[in-house]
Each structure stands twice: as structure tokens, then as C-alpha cells.
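Just so it is clear, none of the values below were taken in a lab; they were calculated from the coordinates. All values derive from a computational prediction rather than experimental measurement. Cβ atoms come from the backbone with ideal geometry, glycine included; neighbour counts cover every protein chain shown.
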Amino acid sequence: MPFESLSLGTQAMRAAQSALSVIGHNIANVNTEGYSRQRAELVTNIPLDKFPGQIGTGVRVDNVMRIKDDFTRIQIEKENQLLGEFEASTGFLEEVEQILDEPQETGLQNALAEFFNSWHTLANAPEDFSSRNIVFETANSLSNKLNSLSGQLNEIQNQADEYVRIKVDEINSISERIATLNSRISSVEANPDQHANDLRDQRELLVKELSKIIDVRTYEDNNKLLLVETQGLVLVSGTRSNPITTSTNAQGRLVPAERITLDPLVIRGGELKGVLDTRDVKIQGYLNQLNDLAGQLIDNVNALHTQGAVLGGYDSITSRNQVANPAAVLNTQNYDYPPQNGNFTLTVYNDSTGAVVESADIAVDVTTDTINDIIADINTNLTTVTASLDSSGRLVIQTNSSNHFQFIDETTGAGDTSGLLQALGINDFFEGTNAQNIGVRNDIAANLNLIAAGNSDSPGSNENALEIASLQVNKLLSNGTATFEEFYASITTDLGTDVLIANRNLESQESLLLLLEERQASTTGVSLDEEAANLIFYQRMFQASAKFVQVADSLLETLINRI
Amino acid sequence: MTLRVTSPILIDKTLRNINNNLQQVQELQIQLASGRRVNRLSDDPVAVQQALRFKQDMLENQQYKENITFGANKLDAAINALDRISNLVLGLQDVALDMVTDPYSTSRAVFGNEINQLISEIALNANAKYLGKYLFGGHETLTPPYTINTDSNGNVTSVTRNPLGIDDPAYHTATDGLDVQVNISGSAPFMPNGEGNTGDIFTTLINIRDSILANDKGAVQIALDELDDEFQNIITQQAIAGQRIQQFDHTDKDNDLRSFQSEARFSAAIDLDFAKAITELNYQNFILQAALQVGSKIISPTLLDYI
């Protein structure tokens, strides 16, 4: 009996020591992310059948268990996907917000207003170099502003591409680590009495990290191996991970893709969803709207400008756009701004008297006329003007040294109604078609007289400048419901609202997750008070057991000394 | 279920609360430093849209004001030129009336020269410039609208007008949808029906000169009557110019009013209510202090401190 008591006492001391080291482990990991507190499970030893009854044989540590809350953990994994999505979109949207620096003084709105105002200044003094220069300078800075806005939006899209690449790498690295942990957990827990507590904590933490990036679902099989998949694509199976890669979509943007087929993955959540949606829907949307604005600006200003008279007229002019096939009917050719049926007038003036030398209306029928027909028409109807195609396929119109010409009817002031001049890039103002490539026609920089302010050959004629200035207040965009400024204001409001909503979503998601994590921590987290109490408790147990050993020892001593 | 409160939860919560407070203090600080309640689009998208609308109004009105000032100055210059011309004509009428009754032929010859001078002066004023551009040239602002032709004795034989563009109207935009003509038709004050036709003041003046030299009192009388009508022409054009200036003035006042309202609304939309912001900042600071003190009290103690 005393020998049994000795072993009972030492076993109890061992159990207390084990429990104490679990407490030590808990305290050490009080701040470790993903750590679940552990508890030594003490059970009574198998009792001995004796007379008069069973006698207990003490205690042993049956197991070290992890306190877990799977229900909350799964909720956290799910909500973490939304958090990732909102974080990614908020981050990128806020960058866009910084680019459109309204309501400050340097925004696009000011540039637009200054541009249109400059045409008023030109109308006030169409003869002056200085007022022409203001038109050129403001048009130039408006173009630059549009160029840089579209460039910066593009740059953010490129950053989003880079972000996708990094996140795909992260997914692969996490998958690989989960696969490694799978193999270790599986081998530890092959012994049914063993629990790979810390390894499981690590694996759960990795799944949580993964769920922030992409929507994942997990299943644990009988061998304790975790299967991780996203939308039917397996990322981790058994002890092997299946890396994914990136490919380029039709818009030239980077998307996560299956490694072998390069098929784009279906992304339903996480940071990847946030970044892809923001890049391809939101930012692309702003970019499209900006291009729409620039395209309409180019189209409307050019349509009026080609109908105007320039100061001093032209001696010769070469079209900016090449004629692809001079023998083809006009409406079969792909012009950015296609011509329609109508006519334009060429009027020739004497340089010294300013009197009209000759004038001809050139009719344009886009269903039957070719550029060659137009050239022939000009050459037949006007004796002092020759039209031809140069070696690069550009239309050249020129007159002799004592004359100059304009594209207007001197008596009525009417200009081109066919849009052919605009299509070819003759006597227009802007070049380009969108926000990225808009610019002032390059020969205007060298000769400001080429800004068409009037509708007659006289230097004081300002009708065309007034017309262009009035584009500012005309509702030309969004199917005739918005002025340029209103259209731009709606882009900024859309963006502002998008950022606001994204921020609010993020805030509420953060607090929801905080709540869940608190709930999880309340079950699985380490409480120092609790551990301190247990510490004393097991310390006392150890001390008492030691005392018991001492008592058993003294019993033995008594026995031995009596022999 | 009662929540098991663990130390990390306590610390996390305390830090988060303090951080929230700091964020609000920072937001108020940004507002106070910029003087604007709205500093980013997302601060208040609706207010930003309104602000953009009102700013657009201000920017447009600024330009309309420039157009109006410039146009009114041009019209003013035209009125002044016409004023000088009408004074010259008035003086001539007086002298011509005296001359009709003057018996001495020598003074008539002197008077002939005087009229030549006068015609030149009137033509010179008809060629008046404003900022280097001819006021009565229509669209041909860089070519003198009137040319004086003289014979070998220095007598004015005719005054001809520029055949191109002299009657073309030029407009400035006074406000959205209102263009006001800023020049006087070049012919209207001097020869509304063309050279040598009824109403050509220069032909009439030449007639008066020739009739006086020829001592043809009847013809002088007829010519003086014509001159009366032509004088009226000039006055009429002055009145027209005056009306246009008045139109500019009225529009300018309307524009100013709108501009003023836009400015006030722009400010209301995005500017900061300082008193409110400072009060809020103080309150926020107070909360921050409280959070810090409470935090420092609850973070430190655990059971370990007491064993």
C-alpha cells in the first residue's frame, strides 16, 4: 500500500507539472495571433479492486485539449472575405479620389471653364495675337489635364494588376504552407490520443488569411487532411498544393487563372474580388466616362471649328488623317468621325484686295462619292485651287501665291455641312479621339492664326468663336441632358458616393468582424487572471502531492524501521 | 452567455477606442486647417456636386463680366467718336447759316477750306480706333473704313467707304443666351444708303462747300436741310449704342446678383462652421483624455499583480 501511495503521489506531482507547463504555454502565447488556449485534461487512474472496495490510484493527464469555437471561426472566415473585398476596393477608390482633386482649384472643372471662357476672350478681340494665345494655352492645359487624368487612372489599374499578381503569389504560398501542415497534423494525429493543437491553430490562421484574399471552402477528411477549394478549383488536396497563376484578359488586364489551362478563375469574394471589381468596373467606368467627355469635346469643337474662317486664310493645307483608299466610297471607310451627306464651300480671296476671286460648293454624297471624286470636283470647279493626294495618302489643297482660301461661303457664312473636313482632319482644332490622346492640332501652336474665330474672311469676324464658347452651356452629353461641366460633376459625384459607400461598408464590416473576434477570443483567448488562478491552484496541488509523498515515505520508514 | 473577458480583448478595445477618437480629432483638424467642411469628394458627394455647380456659375459670370466691360467700352468709344462728329456738324451748321448771308466772297473761299478741314476731321473720327481696331469698320477692323479723296487743290472730292464687311455686326455674350452687338454698323451714321445717295453726310458737306463757293443760296439751304437729317442719323446711332450699353449694364447687375448668390451657396455647401468645429474639437479632446485615462487604469492590473 505505501508503495502504491508513493507512485500515486509522484503521478499527481507529474500531472500538476504538466498542467503547469500548459499554463506556462498559455501565458507565453497570450498575444500570439490565432492561438487557442489549451487545457490539460486530468482523469482518475484506473482504480484497483480491493476489499472492502475500489481504491483510486490517483490522477494522470489524459490529454492536452485545445479550447475551440468552430462555429465562430467559420463565421469569421466567411466575413473575412467581405472585409478583404471592401478593404481592396476602398484602397483603390481612395487613390482615384486623390487624382480627381475636386473641389480644389486645380481640377478639370476649372480647366474646362477656362477653355470655354477663352473662346469668349477670342470673340472679344479676334484680331489679337494675345487672345488667340489664351485659347491655345487653355486648350493645351485642358488637353494635358485630360491626358494626365486618364494616364493616372491607367496607372492605378496597373497597380491593381500588380496587386493581383502579389495576391496570387500569396495564395500559392499559403496553400503550400497548409499542405505542409496537413502532412504534419495527419502524422501527429495518426495516433488517436494525440492532438496537434498548435499546428491546427496555425492551419486555421492560414485559412483565415486565405479567406481574406479569395473565397475558399474547406473540408477535413478522416485523415485530418484539409481540402481547400475555391469555386470548384482545388487549392490544397491532401499534402499537395495546387498553385494558380495569372493570365491576361481581353482588356489586357491581369486576372487569376488556372495554372495549366490559363482559364480565368471565378472570383466570388475576398481582396481579389474587390480589386477586380474596382479595376474593371469602377475605375474603367470613370475612364470610359472621361473618354466620353473628351470625345464629345473633340467632336463638338471640331464640328464647329471646321466650319469657321481662320485669320488670313490658307495658302495650302494638308489633311491630318490619311485616306486609306481614295477610290472607295466614303461611307465604307472607317473614319473616327464619319462624314455624312452635305457640302462644303471653298472660297478663294485675293491677298491684296481681300475680294472674292471664286467660290464653289463641293457636294458630298457619302454613298457614291470617293475622295478621288472630291478631288476631281475641286479641281474642275475652281481654277485657282488644286487638290491632290500626297505620297503618304493625305489630301492636299493649295492655291497660288496671290490668293488664299477659306472653307466658308463668304456671303452666307455657311461652312462644311458634310463633316468631311472633320473626318479628314482639315481645319479642325483638336486631334485625337479620347482623354488619353486629345491634343491641340499641332500646326496651331506654330500659327495661332489657324484658330477659326469667324465665318468670313474679315479679321473682326467672331461668330464661330461665340458658337464654340456657347458649347459650354449647351446640353450635349448624356443624350442631351448634361453640359460638359454637369457631366464631369456627375463623374465626381459618382466617385465620391462610391468612396463613401466603400468606406461605410468597410467600417461596418470591420466592427462586425471585431465582434466575432471578440466572441472567439472570449472562448479561445488566454485570460491572464484565469491562468494566474490556475497557476496557484496547480502549485498547491503540486505542494500537496509532495506532502502526500512525504507522508507515504514516513509510513514506509515506520514499516522498514520495525522490521 | 456571460462573456469571458480576456486581456487581449481589453487591450484591443481600448486601443481601438483611442484610435477612433484620434481619427475624429484629425478629421476636425483637417477641416479647421483648410477652413472647409468638405475636403474630399467622399466627405459629402452631394455638397461637392452643388459646389461644382455654383463654382461653374461663378467662373461663367466672371467671363461674362469681362465680355460686358469690354463691349461697353467699345460702345462708349463709338459714342464718343460720334459725339465729336456731331459737335463738328453743329458748328458747321452755324457757320454755314451765317455764310449764306455773307456778301464777301473772300471769306467764302476761306470757308471752303474750313469745310475741307471739317470733312477730313469727320472722316478721321469715322476712322476712330479702339485698342488699335477701327470702330466703324464692321468686321474689317484692321482696314480704315473711310477713305478721303482730294483733287490737286486739296479739295475733298469724295469720301468712299470700304466695300468689304463694314456693316457686319460683332457680338459679345453678355450672359447665357444673350449676345449684344458691340459695334455700330459702319455705314449707318455716315451713309446709310451708300456713297452719294441720300443720307451720305460727306456728299452733303461737299455740296454745301461747292454751293457756298458758287454763292448758290438756294442749294445751300437744301443741303443744310439734308444735313439736319444726317445729323439725326448720327444722334440715332448714338442712342442705339447707348441702349446697348444700358442692356449690358442691366445684364451685368443680374450677373452680379447671381454670382453673389452662387458664392454664398458655394460657401454654404463646403465651407466650415468654425464655431461648431471648434466646439466639437474640444469635446472630442475631452473624450480622448477620458479614454486614455480609463485605458491606463484597466490595462495594467491582472491577478498576477496581487499574488
Exactly one condition in (1) buried (at least 24 other Cβ atoms within 10 Å of the Cβ); (2) among the aliphatic types (A, V, I, L, M); (3) in contact with a strand residue (DSSP E or B) (Cβ under 8 Å, 6 or more places away or on another chain) is false for A:Ala435; which is it?
(3)
Determine whether segment B:60-72 contains at least one residue that is of a type in the set (Gly, Ala, Ser) and surrounded by fewer than 20 Cβ atoms within 10 Å (Cβ to Cβ).
no
Restricting attention to segment A:494-510, report how many residues are of a type in the set (Ser, Thr, Tyr) and at the interface with chain B (Cβ under 9 Å from one of its Cβ atoms).
1
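Any idea which of A:Leu142, A:Leu233, A:Leu226, A:Leu146 is surrounded by 21 or more Cβ atoms within 10 Å (Cβ to Cβ), under 25 Å from the mean Cα position of the chain (by Cα) and touching a residue at least 12 places away in the same chain (Cβ under 8 Å)?
The conditions single out A:Leu146.
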Here are the criteria: (1) of a type in the set (A, V, I, L, M); (2) out of contact with any Leu (no Cβ under 6 Å at 6 or more places or on another chain); (3) away from every other protein chain (no Cβ under 13 Å). Tell me which single one A:Leu112 does not satisfy.
(3)
Report, by residue number, each residue of segment B:266-307 that is in contact (Cβ under 8 Å) with a residue 24 or more places away in the chain, surrounded by 15 or more Cβ atoms within 10 Å (Cβ to Cβ) and within 14 Å of another protein chain (Cβ to nearest Cβ).
B:Phe266, B:Ala269, B:Ile270, B:Asp271, B:Leu272, B:Thr302
For segment A:467-485, enumerate the residues that are more than 8 Å from every other protein chain (Cβ to nearest Cβ) and either surrounded by 16 or more Cβ atoms within 10 Å (Cβ to Cβ) or closer than 21 Å to B:Gly71 by Cα (or both).
A:Glu467, A:Ile468, A:Leu471, A:Leu476, A:Leu477, A:Ala482, A:Thr483, A:Phe484
Number of the exception - B:Leu124 against (1) in contact with a helix residue (DSSP H, G or I) (Cβ under 9 Å, 6 or more places away or on another chain); (2) more than 23 Å from B:Gln243 (Cβ to Cβ); (3) away from chain A (no Cβ under 14 Å):
(1)
Please work out if A:Leu514 is touching a helix residue (DSSP H, G or I) at 6+ places or on another chain (Cβ under 9 Å), within 11 Å of chain B (Cβ to nearest Cβ) and within 30 Å of A:His25 (Cβ to Cβ).
yes
Looking only at segment B:142-152, and only at residues there that are touching a residue at least 12 places away in the same chain (Cβ under 8 Å) and within 14 Å of chain A (Cβ to nearest Cβ), the one that is surrounded by the most Cβ atoms within 10 Å (Cβ to Cβ)
B:Pro145
Do the conditions hold for A:Leu142, that is, is it within 14 Å of chain B (Cβ to nearest Cβ) and in a helix (DSSP H, G or I)?
yes
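Among the residues of segment B:153-195, which ones are aliphatic (A, V, I, L, M) and buried (at least 17 other Cβ atoms within 10 Å of the Cβ)? Steps first, answer last, please.
Residues of segment B:153-195 that are aliphatic (A, V, I, L, M), as a first pass: B:156, B:159, B:164, B:166, B:170, B:174, B:178, B:180, B:182, B:184, B:188, B:191.
B:Val156, B:Val159, B:Leu164, B:Ile166, B:Ala170, B:Ala174, B:Val180, B:Val182, B:Ile184, B:Ala188, B:Met191, listed by residue number.
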Counting only strands (runs of 3 or more DSSP E) entirely within segment A:322-393, those with at least 2 residues that are aromatic (Phe, Trp, Tyr) are A:342-350
Go through segment A:446-466 and give me each residue that's part of a helix (DSSP H, G or I) and surrounded by fewer than 18 Cβ atoms within 10 Å (Cβ to Cβ).
A:Ala446, A:Asn449
So is B:Gln49 free of Cβ contacts under 8 Å to residues at least 24 places away in the same chain and within 10 Å of another protein chain (Cβ to nearest Cβ) or not?
yes
Subset of segment A:519-529 (residues that are within 8 Å of chain B (Cβ to nearest Cβ), touching a Lys or Arg at 6+ places or on another chain (Cβ under 8 Å) and assigned to a helix (DSSP H, G or I))
A:Ser522, A:Thr523
Please specify each residue of segment B:2-42 satisfying the condition of being closer than 30 Å to A:Asp494 by Cβ and either facing chain A (nearest Cβ under 8 Å) or basic (Lys, Arg) (or both).
B:Arg36, B:Arg37, B:Val38, B:Arg40, B:Leu41, B:Ser42
